[in-house]
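See below for the structure under consideration.
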């Protein structure tokens with residue numbers, strides 16, 4: 001069991017309102033950076049991919065359903081050229097943060113949109129998930145995200161990953177199972193309309209207001 005060889009963990013994240021942070025990630029199989037300089041270059045390449053101005057800029061599109069206090073601040077890559085458990089070096093790219101541009105109702109930091117990574121194989125070892133911010137996305141009367149919203153996000157991530165795969169020399173998007181020491185290429189992106197909850201996204205949020213009111217005691 002453990003992390004297999006020739007994979008890279010791509011991790012990206014930023015800020016949420018009230019001093020909170022968010023983070024998510026996925027795996028790439030092949031074209032694994034062999035030193036720190038290559039890892040930094042790979043992180044910069046991923047920043048460009050995730051924030052592209054065309055239909056492949058998945059995180060730029062994701063930030064359209066986030067308020068300005070939500071940012072994308074960095075991309076880090078953890079290469080495992082010889083397998084795990086520890087990456088021998090880490091690459092990072094953290095230029096000027098990209099901010100959210102949404103303007104709908106404010107959702108709590110804990111509310112996340114789930115982007116599921118599905119492979120051609122069944123079972124938990126062959127599925128992945130990314131929990132992404134969406135704090136400017138209103139809900140329908142059913143408590144779900146609108147179909148038009150999730151269609152936009154699903155298309156963005158599918159295009160982002162497809163473009164990366166089609167480049168031919170940067171590896172392929174994959175699901176890695178540390179339990180099974182396995183790598184399986186991602187075949188589909190699935191985004192459903194039900195909001196998910198990430199409770200740890202309220203751990204660092206500053207409490208803006210506290211009120212205490214006295215209760216009059218019972219007098220016999």
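Taking the criterion of being touching a residue at least 24 places away in the same chain (Cβ under 8 Å) and not in a loop (DSSP other than H, G, I, E, B), the residues of the range 193-220 that qualify are 196, 197, 199, 201, 202.
Name the single residue that is modelled with the highest pLDDT among those in the range 162-192 being in a loop (DSSP other than H, G, I, E, B) and buried (at least 17 other Cβ atoms within 10 Å of the Cβ). Looking at residues that are in a loop (DSSP other than H, G, I, E, B) and buried (at least 17 other Cβ atoms within 10 Å of the Cβ), I get 171. Count of the range 96-107 residues, restricted to those that are surrounded by fewer than 15 Cβ atoms within 10 Å (Cβ to Cβ) and touching a strand residue (DSSP E or B) at 6+ places or on another chain (Cβ under 9 Å), is 1. Could you say whether any residue in the range 152-161 is in a helix (DSSP H, G or I), more than 16 Å from the chain's Cα centre (by Cα), touching a residue at least 12 places away in the same chain (Cβ under 8 Å) and surrounded by 17 or more Cβ atoms within 10 Å (Cβ to Cβ)? Checked the range 152-161: no residue is in a helix (DSSP H, G or I), more than 16 Å from the chain's Cα centre (by Cα), touching a residue at least 12 places away in the same chain (Cβ under 8 Å) and surrounded by 17 or more Cβ atoms within 10 Å (Cβ to Cβ). The set of residues from the range 60-73 being more than 14 Å from residue 20 (Cα to Cα), touching a strand residue (DSSP E or B) at 6+ places or on another chain (Cβ under 7 Å) and surrounded by fewer than 24 Cβ atoms within 10 Å (Cβ to Cβ) comprises just one member, 60.
The values are calculated or read from the model by the stated rules, or taken from the named source; none is laboratory data. None of the values given here were measured: they were computed from a predicted structure. Because the Cβ atoms are built from the backbone with ideal geometry, glycine has one as well, and the counts that use them run over all protein chains shown.
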